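Notes follow once the structure below has been shown.
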């Protein structure tokens, strides 16, 4: 049985795509067959994994959603062993309008995954920075939600809204959906605000907050521009170590 993990937060710039890429790569290096799905029309996860946009013009996530291709047909291999990817591009922008009259439109991704005849241990979905059609599709298809949370107060403001959305989807569309954890990102131990946000989130959410925090790290910020996950770009960096420890926490401690 695969585990489907949705990485979502309606606020942008919180490390969502960075987490999707590097968690998927770290789990794959633990010899778990993993699929990363880029569900954001910006295509940042695709470019961050070094996917050539010219090669996916006619075969990407958009074409699977509209039924022109099967999900299997749009899967591509990556530079990381055991890690495959469903890439996307700007074609995905208009999909919400195209699906407005379709029955059960919020279940399109779940149906695609149920039809997939390739076995994966983990499927990780990178969502857009909104609570629109694509994010709802990802939540309906997933077993677990991981919420990256930047260690700033503005990032905390929308957390309650996201948790409420999770409850609604759990009640009406996907009863098996669970909050897998809140991941503190861009943490700077020298910064009083970072420490206070961390304390507040842990006080309120308790064990739902991952033990591992993702630090601010220049190498982690640089790696997407080279089309590589951090473990291939600089495995000795603090960012790489943090994501490998996060994967270990998920795999070893039964967090998900």
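Some values worked out for this structure:
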quantity: Fraction of beta bridges assigned by DSSP in the chain that are antiparallel (%, nearest 5); calculated: 5 percent
quantity: Fully extended contour minus Cα-Cα distance, from residue 196 to residue 77, at 0.36 nm per residue; calculated: 38.7 nm
quantity: Rg followed by Dmax, in Å, when the chain is reduced to its Cα trace; calculated: 17.1, 51
quantity: Residues in segment 121-153 reached by a label modelled at residue 100 [backbone nitrogen below 20 Å; 7 Å Cα→Cβ]; calculated: 130-137
quantity: Extended-chain gain in nm, criterion 0.36 nm per residue less alpha-carbon gap, residue 30 and residue 219; calculated: 65.9 nm
quantity: Bridge type composition, segment 19-126 - antiparallel percent by DSSP, nearest 5; calculated: 20 percent
quantity: Sites residue 168 and residue 226, calculated FRET efficiency, Cβ-Cβ separation with R0 30 Å, nearest 0.05; calculated: 0.15
quantity: Modelled label reach - residue 178, point 7 Å along Cα→Cβ, segment 222-256 residues with backbone N closer than 12 Å; calculated: 254-256
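Just so you know, all these numbers are worked out from the coordinates, no wet-lab data involved. Treat the numbers as computed from the prediction; the structure is a model and nothing was measured. Neighbour counts are summed over all protein chains in view; Cβ atoms, including those assigned to glycine, are modelled from backbone coordinates with ideal geometry.
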